[in-house]
Amino acid sequence: MARRLGLPILCALTLTCLVCSARSAPQSDQPTAVPVKKAPPVRTTGVWKPAAGQIQQPIWPGNPPDGTLMPQPPESVNTYQEPPEFGGKSEAVLDIAIPTMTIIRPKDRSTGTAVIVFPGGGFQMVFVTLEGTEICDWLTTRGITCIVSKYRAPGGNEYWDDGLQRHITPKIMRALQDAQRTIRLVRSKAKELNIDSHKIGVMGFSAGGYLVAQTSNILTPAYKPVDAIDRVSSRPDFAVALYPGHICRHGKFDPTLPIIKTAPPTFIAQAWNDPIDPICNSLMYASALDKAGVSTEMHLFAKGGHAFGLRKKDEPVGVWPQLVERWMQQIGVL
């Protein structure tokens with residue numbers, strides 16, 4: 001198990017909180033920034049489609065509970081130009097009213113482990129490739145079944161409204177509803193997917209990292225049951241949060257996020273120079289988990305910025321996937 005956090009980390013936490021408190025407003029609700037953007041995105045109307053052979057399916061049997069935060073236009077996709085080594089493009093999905101999950105299976109052997117990936121996007125949109133399918137490209141080579149969550153946005157959770165120039169906190173956490181349902185649905189399909197129902201983890205980036213924290217600590221259903229699947233547990237067996245946001249608010253721990261002693265083993269990584277999500281998000285969350293007795297491993301990198309995903313392989317921050325793999329082996333899920 002990971003070493004318990006000690007005095008150096010707690011001192012760093014105190015210093016960081018003072019720095020974060022000095023900021024006029026938290027930055028954790030801004031949409032994930034695409035690292036390399038040479039031209040404005042091209043926006044197309046229509047439901048996002050995964051690559052051939054990847055299965056996308058709705059997570060609810062009918063209309064999602066509680067609809068959307070507000071009436072929305074049809075789903076659309078922003079496509080950003082990227083270097084060839086990143087597939088030439090990044091895609092972010094907007095105006096998501098029908099949440100889905102996309103199942104990507106290992107090409108060769110299967111370890112029986114599954115990871116549900118929650119991409120970031122500030123709860124304004126969902127960066128479904130940079131922090132979704134690209135992550136699955138790595139996980140599936142390791143024999144892990146990967147599931148990309150396309151949860152409701154905007155307004156699935158607290159987000160920054162560009163028009164109003166302020167943070168909006170919806171009364172209903174629709175993104176959490178979608179996240180819980182996805183975990184239950186994947187667990188209910190364990191036999192069909194050839195996975196172990198006790199080796200289902202979650203991995204989230206930025207806003208998706210907040211969904212990791214919520215699903216790890218909020219086990220009470222966030223919606224009224226709709227079918228038998230909702231009797232299945234939504235607790236992940238392990239959790240990975242990359243540059244999580246929304247936890248550190250004005251230098252204080254999010255009062256709506258409980259921390260429970262039965263939260264799963266958790267891995268956290270972030271860069272100190274993250275310009276979007278202050279480092280206090282990771283420090284506060286790791287400290288709270290450790291205080292509750294939850295096995296927690298945290299790695300902080302001097303540089304890396306925000307939304308690095310798998311795109312900085314030649315920098316120190318680029319080793320985080322290998323660290324995650326070793327950690328997964330250590331806790332017995334890989």
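Taking the range 104-116 as the range and being farther than 14 Å from residue 191 by Cα and not charged (D, E, K, R) as the test, the residues that pass are 104, 106, 115, 116. Can you find, within the range 220-237, the residue that is surrounded by the most Cβ atoms within 10 Å (Cβ to Cβ) among those that are farther than 13 Å from residue 179 by Cα and among the charged types (D, E, K, R)? Selected residue: 237. When the residues of the range 187-221 are filtered to those that are polar (S, T, N, Q) and out of contact with any Pro (no Cβ under 8 Å at 6 or more places or on another chain), the one that is farthest from residue 248 (Cα to Cα) is 194.
Taken together, 240, 212 contain a single residue that is touching a helix residue (DSSP H, G or I) at 6+ places or on another chain (Cβ under 8 Å), over 18 Å from residue 167 (Cβ atoms), surrounded by 18 or more Cβ atoms within 10 Å (Cβ to Cβ) and touching a residue at least 12 places away in the same chain (Cβ under 8 Å), which is 240.
Taking the conditions exactly as written (touching a residue at least 12 places away in the same chain (Cβ under 8 Å), buried (at least 22 other Cβ atoms within 10 Å of the Cβ) and hydroxyl-bearing (Ser, Thr, Tyr)), does residue 296 satisfy them or not? Break it down stepwise before answering.
Details: touching a residue at least 12 places away in the same chain (Cβ under 8 Å): yes; buried (at least 22 other Cβ atoms within 10 Å of the Cβ): yes; hydroxyl-bearing (Ser, Thr, Tyr): yes.
When the stated conditions are applied, residue 296 passes them.
Number of residues in the range 107-152 that are touching a Leu at 6+ places or on another chain (Cβ under 7 Å), hydroxyl-bearing (Ser, Thr, Tyr) and open to solvent by less than 10 Å² (accessible area, probe 1.4 Å) equals 2.
Going through the range 279-334 one residue at a time, which ones are outside any helix (DSSP H, G or I) and aromatic (Phe, Trp, Tyr)? Selection gives 301, 308.
Considering the range 124-147 alone, what residues qualify as being of a type in the set (D, E, K, R) and over 15 Å from the mean Cα position of the chain (by Cα)?
Within the range 124-147, the first condition is being of a type in the set (D, E, K, R), and the residues that meet it are 131, 134, 137, 142.
Listed by number, the residues that qualify are 137, 142.
Can you find a residue that is open to solvent by 10 Å² or more (accessible area, probe 1.4 Å), under 25 Å from residue 130 (Cβ atoms), of a type in the set (Phe, Trp, Tyr) and not in a loop (DSSP other than H, G, I, E, B) anywhere in the range 266-278? Within the range 266-278, none of the residues are open to solvent by 10 Å² or more (accessible area, probe 1.4 Å), under 25 Å from residue 130 (Cβ atoms), of a type in the set (Phe, Trp, Tyr) and not in a loop (DSSP other than H, G, I, E, B). Hey, among 217, 281, 194, which residue is more than 20 Å from residue 114 (Cα to Cα) and touching a residue at least 40 places away in the same chain (Cβ under 8 Å)? 281 is the lone residue from the list that is more than 20 Å from residue 114 (Cα to Cα) and touching a residue at least 40 places away in the same chain (Cβ under 8 Å). Under the condition of being buried (at least 21 other Cβ atoms within 10 Å of the Cβ), in contact with a helix residue (DSSP H, G or I) (Cβ under 7 Å, 6 or more places away or on another chain) and within 20 Å of residue 201 (Cβ to Cβ), the residues counted in the range 247-265 number 3. Here residue 290 clears all of (1) surrounded by fewer than 21 Cβ atoms within 10 Å (Cβ to Cβ); (2) over 17 Å from residue 205 (Cβ atoms) except the condition numbered (1).
The values are calculated or read from the model by the stated rules, or taken from the named source; none is laboratory data. Here the structure is a predicted model, which means the values were calculated and not measured. With ideal geometry, Cβ positions are generated from the backbone for all residues, glycine too; neighbour counts draw on all protein chains shown. Keep in mind that these areas ignore ligands, DNA and RNA; they rest on the heavy atoms of the full protein, side chains included. Shrake-Rupley method; radii C 1.70, N 1.55, O 1.52, S 1.80 Å.
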